[in-house]
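Let me begin by presenting the structure, written as structure tokens, before commenting on it.
The values are calculated or read from the model by the stated rules, or taken from the named source; none is laboratory data. It should be emphasised that the depicted structure is a prediction, and the values quoted were computed from it without experimental measurement. Note that we place each Cβ from the backbone using ideal geometry, even for glycine, and neighbour counts take in every protein chain shown.
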Amino acid sequence: MKAAVVHDFAEPLRVEEVPDPTPGDEQVLVRVEACGLCHTDIHAAHGEWPVKPEPPFIPGHEGVGIVEGVGPGNPHGLEVGMRVALPWLGYACGDCRYCNSGRETLCEKQINTGYGMDGGFAELAVGYARHVVRVPDEVDPLDAAPLTCAGVTTYKAVKESGARAADRVAVFGAGGLGHLAIQYARVTGAEVVAVDVNDERLATATELGAARVVNAKAEDPVAAIQAMGGADVAISTAVSPVAFEQAIGALARGGRLICVGLPAENDITVPIFQTVLGGLSLKGSIVGTHHDLEEVFELHRRGETRVLRAERRLEDVNEAIAEVLDGSAPEPRLVFDLQAVGPETTSGDRAGAVA
């Protein structure tokens, strides 16, 4: 099969032929239709996080495709021909206190797709039957791919924030994660403020339901949001520690910061005096559970969300990474179409496209 493989953190990915994987116990073999490009994939490919994957490996944790084979011992009702998503949480033990309390994303024995096990930057991938998620027939695989990480991550962040209709929610970063966070916050009925340094992204944020926007390059977002009365909730999807510090400063008394983005630089400064006197809360939110992703797909099926994406061929993986890093990507999310035909990739090129 064809796959994009990381052989060395200092080198570009190589698109090459590798052996087809075989599903083991309680696993399924998936023919990948589409896989989103998440910034985490870039961190993985460059070895930028403290715990690094071990080359050679295949990135990609937003894979969506059709079950082509089922390994032995599959008690989860998956059959050949079903469409499933291969999320970041590739495996969890199912026995620890986190798994047994519905917090499997905190399992200390978890294996992450595209990091600890090969992912969706390939024509075929293997997933554990307990953790793959059925994709409704009405959801386009090219939409389902970004929803599998960007969607469920921001959906869970909004749930963790406790945002409600009377709140003001500031979303820092309006890109691949942020454009979906804006929509989920809007679904709660909250007033949404989008913060970014890109005017085009801010214009898109307005289209997606943001009531106000702040260009952090043109004005101080802390002063701008405090002039509005402060944010009851701030969700930082950015990959810059500065954005997290600005988000803390933008909170109203009693405000909650939900940390989502994972910058390569690990540290931020938290003002203790303001945090204590203002009754502020800081919380980390890491992706979402199997059931959270089911809810994300259902919201999309009902037309509550839009995925703003541009398709790319897997052969162009390194150029796509460059687009994300330099900000030239035409849409908030890039998606590899594994069934693309020819040099140009559009939804109409893919067999079985959903109208």
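Observations, loosely collected:
- Options 169, 197, 139, 152: the member that is touching a Lys or Arg at 6+ places or on another chain (Cβ under 7 Å), in contact (Cβ under 8 Å) with a residue 60 or more places away in the chain and at negative phi: 139
- Condition check for residue 194: of a type in the set (A, V, I, L, M, F, W, C), under 24 Å from residue 152 (Cα atoms), touching a strand residue (DSSP E or B) at 6+ places or on another chain (Cβ under 8 Å) and at pLDDT below 95: no
- Residues of the range 84-102 satisfying the condition of being touching a strand residue (DSSP E or B) at 6+ places or on another chain (Cβ under 9 Å) and either under 17 Å from residue 67 (Cβ atoms) or surrounded by fewer than 22 Cβ atoms within 10 Å (Cβ to Cβ) (or both): 84, 85, 86, 87, 90, 91
- Positions within the range 265-286 being surrounded by 15 or more Cβ atoms within 10 Å (Cβ to Cβ), among the small types (Gly, Ala, Ser) and within 26 Å of residue 50 (Cβ to Cβ), in sequence order: 281, 285
- Scanning the range 306-322 for residues that are part of a loop (DSSP other than H, G, I, E, B) and surrounded by 23 or more Cβ atoms within 10 Å (Cβ to Cβ) turns up just one, 307.
- All positions within the range 52-61 that are in contact with a Gly (Cβ under 9 Å, 6 or more places away or on another chain) and part of a loop (DSSP other than H, G, I, E, B): 53, 54, 55, 58, 59, 60, 61
- Restricting 303, 279, 327 to those that are on the phi > 0 side of the Ramachandran plot, assigned by TED's automatic domain parsing to the domain that holds residue 235 and not aromatic (Phe, Trp, Tyr) reduces the list to 279.
- Residue within the range 181-192 that is assigned to a loop (DSSP other than H, G, I, E, B), touching a residue at least 12 places away in the same chain (Cβ under 8 Å) and over 29 Å from residue 234 (Cβ atoms) present: no
- Total residues in the range 94-118, condition in contact with an Asp or Glu (Cβ under 8 Å, 6 or more places away or on another chain) and under 28 Å from residue 3 (Cα atoms): 2
- Filter result for residue 12 (part of a loop (DSSP other than H, G, I, E, B) and either crowded, with 19+ Cβ neighbours inside 10 Å or in contact with a Pro (Cβ under 7 Å, 6 or more places away or on another chain) (or both)): no
- Against the numbered list (1) of a type in the set (A, V, I, L, M, F, W, C); (2) at pLDDT 95 or above; (3) under 18 Å from residue 152 (Cβ atoms), residue 286 comes up short only at (2).
- Selection status of residue 77, loosely packed, with under 14 Cβ neighbours inside 10 Å and out of contact with any His (no Cβ under 7 Å at 6 or more places or on another chain): yes
- Residues located in the range 220-264, provided they are surrounded by fewer than 24 Cβ atoms within 10 Å (Cβ to Cβ), outside any helix (DSSP H, G or I) and modelled with pLDDT under 95: 239, 240, 261, 262, 263, 264
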